Amino acid sequence: MIKQAIIPLAGQGTRLLPLTSVFAKELLPINGKPGVEYILDECIEAGIKEVIFIISKKKIMIKNYFYNDAFFKKIISSKKDKRIKSEYKKILKYKKMIKFVYQNSPLGTGDAALKTQKFIKDKYFLMLLPDDLIIKKNCSKDMISVHKINKASVMASMLVKRNNVSRWGIYKLSKKINKNNYKISDVIEKPSIKKAPSNQAVIGRYILPKTIFNEIKKLKPGKGQEIHITDAIRSLIKKNSKFIAHKFKGKYLDCGTMSGYINSSKEIAKL
Ligand code: G1P
């Protein structure tokens, strides 16, 4: 069973400036709800019981958001507002399941994941990148089913335009398992068009084995001088660890760029 999820939240959000100069991008509202709450709701619905947030000192506002009990209690005691009461209840539910760890320098997704090592209990865990919202169908839940059936690691996959491959991690697919699931024989972080083995991109949902931590420790900085989870996955695949690319059914919203962020509210409002 997959019961724990980790969420890297220490990124600086430069692609969303000026909105992120004093504000955490994951708390920015998307159709009236902070982006990170969509991610938490996806986790809860997928059966996750504990979520580890990797934040930095600069992003302490994320912790404060979930720990503002005194403020809520004061308001609730003076105003008998049902909506505020139920919002506070929701925050308390989230707070109960979140643990915080710190990554004070933004050294990449692999480095962020490594910070959670001592808290991971089971053989496999889920990692979600909060810039990537997937609506209409719970991607994590579907990936957990694929993991259970195949007893393998699973990552979300989406077809992208050839001229855009250098924006993503790109898969080399081998055996077709069924319509939506393929065995991966390699994955490359942000390759050039020439070097890209396909147009299938990594989207930010990963079911990873605990053994990934040892691979991360061996990595040298890769693209952009960061330690990428993609490179650690690559090392595991080379050691015959089974990874599956899952073509998810929901709709992908890229909340990490300004145009994508603006569009995400519009798309969610249509639901
Ligand atoms: C990260 C990963 C990349 C993946 C992407 C999905 O990149 O490194 O492999 O394709 O998320 O959103 P980033 O968006 O942090 O540049």
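The values are calculated or read from the model by the stated rules, or taken from the named source; none is laboratory data. From a predicted model like this one, the values you see are computed outputs, not experimental measurements. Cβ sites come from the backbone with ideal geometry, for glycine too, and all protein chains shown count toward neighbours. What goes into the accessible areas is simple: the full protein's heavy atoms, side chains included, and nothing from ligands, DNA or RNA. Shrake-Rupley method; radii C 1.70, N 1.55, O 1.52, S 1.80 Å.
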**Message:** Checking ALA152 against (1) over 25 Å from ALA10 (Cα atoms); (2) in contact with a Pro (Cβ under 7 Å, 6 or more places away or on another chain); (3) open to solvent by less than 20 Å² (accessible area, probe 1.4 Å): exactly one of these is not met. Which one?
**Reply:** (2)
**Complete:** Of the listed residues (PHE53, PHE23, PHE71), the one being in a strand (DSSP E or B) and either of a type outside the set (A, V, I, L, M) or within 30 Å of ASP142 (Cβ to Cβ) (or both) is PHE53
**Prompt:** Of the conditions (1) outside any strand (DSSP E or B); (2) touching a residue at least 24 places away in the same chain (Cβ under 8 Å), LEU253 fails just one. Which one is it?
**Reply:** (1)
**Message:** Just to check your reading of the model, which residue among LYS210, LYS176 is open to solvent by 10 Å² or more (accessible area, probe 1.4 Å), more than 15 Å from the ligand (Cβ to nearest atom) and touching a residue at least 24 places away in the same chain (Cβ under 8 Å)?
**Reply:** LYS210
**Prompt:** In the stretch 89-112, what residues are in contact with a strand residue (DSSP E or B) (Cβ under 6 Å, 6 or more places away or on another chain) and within 12 Å of the ligand (Cβ to nearest atom)?
**Reply:** THR109, ALA112
**Request:** Among the candidates ASN263, ASN240, single out the residue that is open to solvent by 10 Å² or more (accessible area, probe 1.4 Å), away from the ligand (no atom under 14 Å from the Cβ) and outside any helix (DSSP H, G or I).
**Result:** ASN240
**Message:** When you scan the stretch 218-231, do you find a residue that is closer than 21 Å to ILE149 by Cα and modelled with pLDDT of 95 or more, even just one?
**Reply:** no
**Complete:** Every listed condition ((1) within 15 Å of the ligand (Cβ to nearest atom); (2) over 18 Å from ILE6 (Cα atoms); (3) in contact (Cβ under 8 Å) with a residue 60 or more places away in the chain) holds for ARG205 save (2)
**Request:** State all residues of the stretch 76-90 that are among the charged types (D, E, K, R) and either open to solvent by less than 100 Å² (accessible area, probe 1.4 Å) or in contact with a Ser or Thr (Cβ under 7 Å, 6 or more places away or on another chain) (or both); if no residue qualifies, say none.
**Result:** ASP81, GLU87, LYS90
